[in-house]
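Engineer: I have a structure I would like to understand better, so I am pasting it below and will then ask my questions one at a time.
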Amino acid sequence: MGRIRVLSDDVANKIAAGEVVERPAAVVKELLENSLDAGADELRIEVSGGGRRLIRVTDDGCGMLRDDAMLAFERHATSKLSSARDLLSISTLGFRGEALPSIASVSRLLLETRSREEQTGTVVEISGGKMLRAEEAALAPGTQVTVQNLFFNVPARKKFLRSDQTELAHIASLVTHYSLAHPERSFFLSSEGRELLNVTPTERLRDRVYQVFGAEMLDELVDLGARERRLEQAPPEPGAERPPDRVYTLSGFVSRPQVQKLNRNSIFLFVNGRLIRDRVLLHAIASAYHNLMPAGCYPFALLFLDCHPEEVDVNVHPSKTEVRFRAQALVHDFVRDALREALVEAKPVSSIPFPAVRPLPQPAAELPYSEFSNRLESQGWPQAGSGAMGTDYSVPSGASGQSCLSPSHNAESGVPETPEALSQLPEFTLRGTRPPEARLDFSAGSISLTGEAEAGQPPLRIPVPETHGAFPHELVPDLSASLAALADLRPLGQIHESFIVAAGRDGLWIIDQHVAHERILFEQILKQRAAGRIEMQRLLMPLIIVLTPAQQVDYDRIAEELAATGFETEPFGNRTVAVKAAPAGIGPGDIERVIFEILEIADRELRRLSVEDLRRGMAASIACRAAIKVNMRLDTGKMEWLLKSLAATECPMTCPHGRPIALRYSLRDILKGFHRI
Ligand code: ADP
Ligand code: MG
């Protein structure tokens with residue numbers, strides 16, 4: 001007798017359950033996707049015990065016919081796919097017909113459903129894959145699935161689960177994601193009866209972001225609008241008619257570079273409405289923020305990429321959270337460029353922190369975990385050469401960032417900036433802060449000093465003079481918070497001979513003179529490098545530098561690049577080079593240090609072979625040394641020049657190492673602070 005046997009359905013379902021329902025959040029995901037596929041407008045999710053004890057998803061979707069309700073628990077039973085051809089153009093979230101039987105095999109599941117076409121509904125109850133009952137019942141149209149005692153019969157899986165709180169956080173993050181992808185529907189999530197998310201339908205994504213994260217968060221974001229890129233289709237055979245171009249569109253929000261998160265939990269990606277995790281897209285986002293953010297920091301991003309269903313394969317993994325793009329390189333560059341363009345156009349400004357504005361984010365948006373980003377976190381970034389189509393998606397390195405924050409630099413600027421200190425940089429958190437302190441109400445025109453009025457006696461009132469009244473509304477300009485305003489600033493002076501204070505039509509500005517100049521020089525050097533004419537200074541006496549063997553190797557590799565960036569060098573005997581000229585602006589005492597920094601960048605960068613990164617790193621290093629230092633007095637003319645030049649840069653938001661350049665205390669905030677609005 002042969003040894004090969006076909007597995008029973010029961011075993012097959014349990015195996016599938018291992019892949020499809022890893023944890024309670026995965027059950028919620030499958031049930032939510034079914035409800036969305038069923039066209040539901042209202043989705044209600046109740047959980048308890050982190051989803052282990054109970055998960056109940058209720059929708060007002062199309063419901064199931066009586067026969068279908070039974071069939072739904074058969075393996076590979078789906079209403080969404082009828083032929084292999086359909087696989088190429090899936091527009092529903094589910095299609096594998098695995099979720100319900102898998103979940104039912106590892107829990108006690110109750111399905112209550114009624115299609116609008118039938119007068120009565122159906123109840124099906126299954127426990128550990130065994131049908132307990134299936135009967136008719138009086139139900140409202142729609143579907144409710146109740147999953148209890150998840151993994152009760154799979155003790156091994158149960159052991160893998162984390163605390164209830166962690167599992168709940170995964171669920172909350174997931175439901176939050178989906179609520180963002182479908183602003184036109186309502187979502188409700190509660191745990192042990194406590195409401196975690198409750199959002200009503202809105203027309204625009206912007207309003208949903210506001211509902212979920214609150215006003216403060218919305219202020220931190222740049223709206224991408226709808227951006228497009230076309231993919232020209234080659235004709236199937238010579239002479240044949242060319243098929244229509246495929247259009248990719250990208251919309252959503254990204255945070256301004258000053259918002260720096262320490263993990264990828266705030267990156268939400270959707271491809272054709274499906275929540276996914278994808279390294280190509282994550283890499284594209286990181287590249288867009290390269291030189292705008294310190295290495296190891298991440299933005300908030302909520303991105304929706306839409307394309308023809310045939311352009312993306314969603315059938316890569318049973319959980320359907322991985323995708324494969326047909327044109328990966330195009331998608332990568334499109335997303336990177338679109339984000340970059342949006343940031344350059346908006347030039348968003350950092351405001352001086354001000355008490356929180358209501359509404360605060362919903363509790364679900366505050367929970368810390370995201371299943372999808374977490375999993376990626378543990379996988380790390382893709383390494384060079386691992387890209388499926390041979391493109392190098394290596395991590396944009398922050399090598400230059402570190403070099404500028406080395407102790408030597410600190411001594412000079414007097415700012416302690418060890419790597420630890422860097423991680424403590426003021427994070428412009430997206431967490432809700434405490435509501436503003438109660439203030440006296442000036443709106444009535446007078447204030448009560450006694451608080452409680454004594455019976456019968458009118459409280460003492462001091463009239464507020466006209467000059468203290470509200471600021472006429474028409475006079476409060478509603479200027480967008482863009483750094484384009486830098487061009488019109490009037491410098492007033494310096495604080496600590498390091499920070500320029502300037503008045504603008506829209507408020508008070510403080511500009512860090514060193515990083516501002518760094519940004520100006522950085523962009524200038526890159527432009528000159530691209531045009532092949534770097535401004536150089538000839539040294540009176542050649543500077544002799546002694547290299548270590550490793551540095552010698554790096555030097556040999558990048559000698560040409562060094563020359564093109566303005567360093568005229570010549571080998572001068574054994575592991576020694578003579579520097580005859582250097583880029584303008586670097587003090588003679590700094591030349592050796594810059595060259596060593598560049599060799600260090602080269603050592604790291606060249607292994608990944610990104611010439612672009614090397615060039616940016618070199619430019620950042622030179623800019624850092626050549627820029628005006630802190631603790632340096634500037635006259636008005638110099639300050640004016642600095643502000644004008646900064647205004648003319650592409651990215652005046654942050655220095656090449658990701659630190660903010662300018663802070664604004666907006667007129668609106670000033671008026672609020674003085675209780676004039
Ligand atoms: P898939 O979603 O991959 O088709 P599932 O096992 O998740 O597989 O669901 C099986 C089928 O059950 C679906 O194809 C759909 O016809 C039906 N179904 C599941 N959930 C719902 C729901 N909430 N409302 C209506 N029909 C549903
Ligand atoms: Mg499904």
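The values are calculated or read from the model by the stated rules, or taken from the named source; none is laboratory data. What you are looking at is a predicted structure, and each value in this text was computed from that prediction instead of being measured. Quick reminder, even Gly has a Cβ in these numbers, built from the backbone with ideal geometry, and neighbours come from all protein chains shown. These accessible areas exclude ligands, DNA and RNA; they are computed on the full protein's heavy atoms, side chains included. Shrake-Rupley method; radii C 1.70, N 1.55, O 1.52, S 1.80 Å.
Engineer: Among (1) modelled with pLDDT under 90; (2) outside any strand (DSSP E or B), where does PHE268 come up short?
Structural biologist: Unmet condition: (2).
Each row is one residue, and each column tells you yes or no for (1) open to solvent by 20 Å² or more (accessible area, probe 1.4 Å); (2) within 35 Å of the chain's Cα centre (by Cα).
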position: GLU561; (1), (2): yes, yes
position: ALA564; (1), (2): yes, no
position: ALA582; (1), (2): no, no
position: GLY585; (1), (2): yes, no
position: GLY589; (1), (2): yes, no
position: PHE596; (1), (2): yes, yes
position: ASP603; (1), (2): yes, yes
position: ARG615; (1), (2): yes, yes
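Engineer: Could you grab me the full set of residues in segment 148-183 that are assigned to a helix (DSSP H, G or I) and either among the polar types (S, T, N, Q) or farther than 25 Å from GLN211 by Cβ (or both)?
Structural biologist: PRO155, ALA156, ARG157, LYS158, LYS159, PHE160, ASP164, GLN165, THR166, SER173, THR176, SER179
Engineer: Suppose we filter ARG208, ARG246, ARG274 for residues that are open to solvent by 20 Å² or more (accessible area, probe 1.4 Å) and either more than 19 Å from ALA364 (Cα to Cα) or modelled with pLDDT of 85 or more (or both); which single one remains?
Structural biologist: ARG246
Engineer: Tell me, which strands (runs of 3 or more DSSP E) wholly within segment 59-147 include 2 or more residues that are more than 17 Å from ASN34 (Cα to Cα) and away from ligand 2 (no atom under 16 Å from the Cβ)?
Structural biologist: The qualifying strands (runs of 3 or more DSSP E) are 121-127, 130-137.
Engineer: Can you find a residue that is out of contact with any Ser or Thr (no Cβ under 8 Å at 6 or more places or on another chain), buried (at least 21 other Cβ atoms within 10 Å of the Cβ) and not in a helix (DSSP H, G or I) anywhere in segment 214-227?
Structural biologist: Yes, because at least one residue in segment 214-227 is out of contact with any Ser or Thr (no Cβ under 8 Å at 6 or more places or on another chain), buried (at least 21 other Cβ atoms within 10 Å of the Cβ) and not in a helix (DSSP H, G or I).
Engineer: Give GLY193, GLY128, GLY142 a once-over and let me know the one that is modelled with pLDDT of 90 or more and in contact with a helix residue (DSSP H, G or I) (Cβ under 8 Å, 6 or more places away or on another chain).
Structural biologist: GLY128
Engineer: State yes or no: is ILE598 assigned to a loop (DSSP other than H, G, I, E, B), among the aliphatic types (A, V, I, L, M) and out of contact with any strand residue (DSSP E or B) (no Cβ under 6 Å at 6 or more places or on another chain)?
Structural biologist: Working: assigned to a loop (DSSP other than H, G, I, E, B): no; among the aliphatic types (A, V, I, L, M): yes; out of contact with any strand residue (DSSP E or B) (no Cβ under 6 Å at 6 or more places or on another chain): yes.
So ILE598 fails the test.
This table checks each residue for (1) open to solvent by 10 Å² or more (accessible area, probe 1.4 Å); (2) near ligand 1 (Cβ under 10 Å from one of its atoms); (3) modelled with pLDDT of 95 or more.
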| site | (1), (2), (3) |
| --- | --- |
| VAL21 | no, no, no |
| ALA25 | no, no, no |
| LEU31 | no, yes, yes |
| SER35 | no, yes, yes |
| GLU42 | yes, no, yes |
| ILE45 | no, no, yes |
| SER48 | yes, no, yes |
| ARG52 | yes, no, no |
| THR58 | yes, yes, yes |
